[in-house]
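The values are calculated or read from the model by the stated rules, or taken from the named source; none is laboratory data. All of these numbers come straight from a predicted model, not from anything done at the bench. Note that each Cβ is placed from the backbone with ideal geometry, even for glycine, and that neighbours are counted across all protein chains shown. Accessible surface is based on the protein model in full, side chains and every heavy atom, while ligands, DNA and RNA are left aside. Shrake-Rupley method; radii C 1.70, N 1.55, O 1.52, S 1.80 Å.
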Amino acid sequence: MKILIPLLLVFLIISCKKEESSSYESMEDINKKITQNKPFFDFDEVIHYQIPIDENEYYDLILADTISEKGKIFEFLLREPCPETKEEKIKFKEAIKSVDKVENTAINPKYYDELRTQIFAEKRCNQFFIAACDPIYRDIFIFKMNKEETGMAKICFKCGLYSFSNKSAIVDCFNMNGELSRLKKIISENKDISVN
């Protein structure tokens, strides 16, 4: 039974992605709308949250006969896209504080220019793909300006899927230019800086 539910989810996602892909604009039309290197977010601070949970542990929590409160929190943090409503944002803040496994790190400002113009920025591309996997957003980036949150990015490095809070940004070409590879390196290089 535990294997059947994830398989059904994968097939459902694949069929949804196929359905969505038929309504996609042409690559040429998307590239015309893109402002090259336009940042997704304005920020003067970036906090990276990482939830080190493996897939088996995660699925054990959410596919149990009775989902525990802990399982519900993990499902909300790791499966749901970026919160949009005020209520979802409050729920997210409460959830991230309640999880004991979360590692949070301030990103060194020396990476901000690259994050702003090379990674979390609009880019043109020659092609794009649609991943057909079930994302687990273990990496979450909170962008702030003058201590106020200006945006959020949730990343699944395994699938290459992502969710951004800025719905006006054109993100179709995200990761078509190696953004996630470089982001992984920044995370690795930045590990020794922690949030107080």
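Just a few scattered comments:
Conditions (1) open to solvent by less than 10 Å² (accessible area, probe 1.4 Å); (2) not small (Gly, Ala, Ser), marked per residue:
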| residue | (1), (2) |
| --- | --- |
| Pro135 | no, yes |
| Phe141 | yes, yes |
| Met145 | no, yes |
| Glu148 | no, yes |
| Ala153 | yes, no |
| Cys156 | yes, yes |
| Leu183 | yes, yes |
| Ile186 | yes, yes |
| Lys191 | no, yes |
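- Among the residues making up the range 58-83, those that are surrounded by 11 or more Cβ atoms within 10 Å (Cβ to Cβ) and either closer than 14 Å to Ser165 by Cβ or of a type in the set (Asp, Glu) (or both) are Asp60, Glu75, Glu80, Pro81, Cys82, Pro83.
- Count - residues of the range 89-103 that are under 16 Å from the mean Cα position of the chain (by Cα) and either farther than 27 Å from Cys133 by Cβ or surrounded by fewer than 14 Cβ atoms within 10 Å (Cβ to Cβ) (or both): 2
- Scanning the range 78-92 for residues that are under 19 Å from Ile155 (Cβ atoms) and either part of a helix (DSSP H, G or I) or touching a strand residue (DSSP E or B) at 6+ places or on another chain (Cβ under 9 Å) (or both) turns up Leu78, Arg79, Glu80, Pro81, Cys82, Pro83, Glu88, Lys89, Phe92.
- The condition (being under 22 Å from Ala121 (Cβ atoms), modelled with pLDDT of 85 or more, within 17 Å of the chain's Cα centre (by Cα) and open to solvent by less than 50 Å² (accessible area, probe 1.4 Å)) is satisfied by just one residue among Ile53, Ile30, Ile34, Ile47: Ile47.
- The range 46-77 - residue that is assigned to a loop (DSSP other than H, G, I, E, B) and among the acidic types (Asp, Glu) and, of those, nearest to Leu183 (Cα to Cα): Asp54
- When Glu122 is tested against (1) acidic (Asp, Glu); (2) more than 21 Å from Glu148 (Cα to Cα); (3) open to solvent by 40 Å² or more (accessible area, probe 1.4 Å), exactly one condition is not met: (3).
- Some residue of the range 133-141 being of a type outside the set (Phe, Trp, Tyr), over 24 Å from Ser188 (Cα atoms) and not in a strand (DSSP E or B): yes
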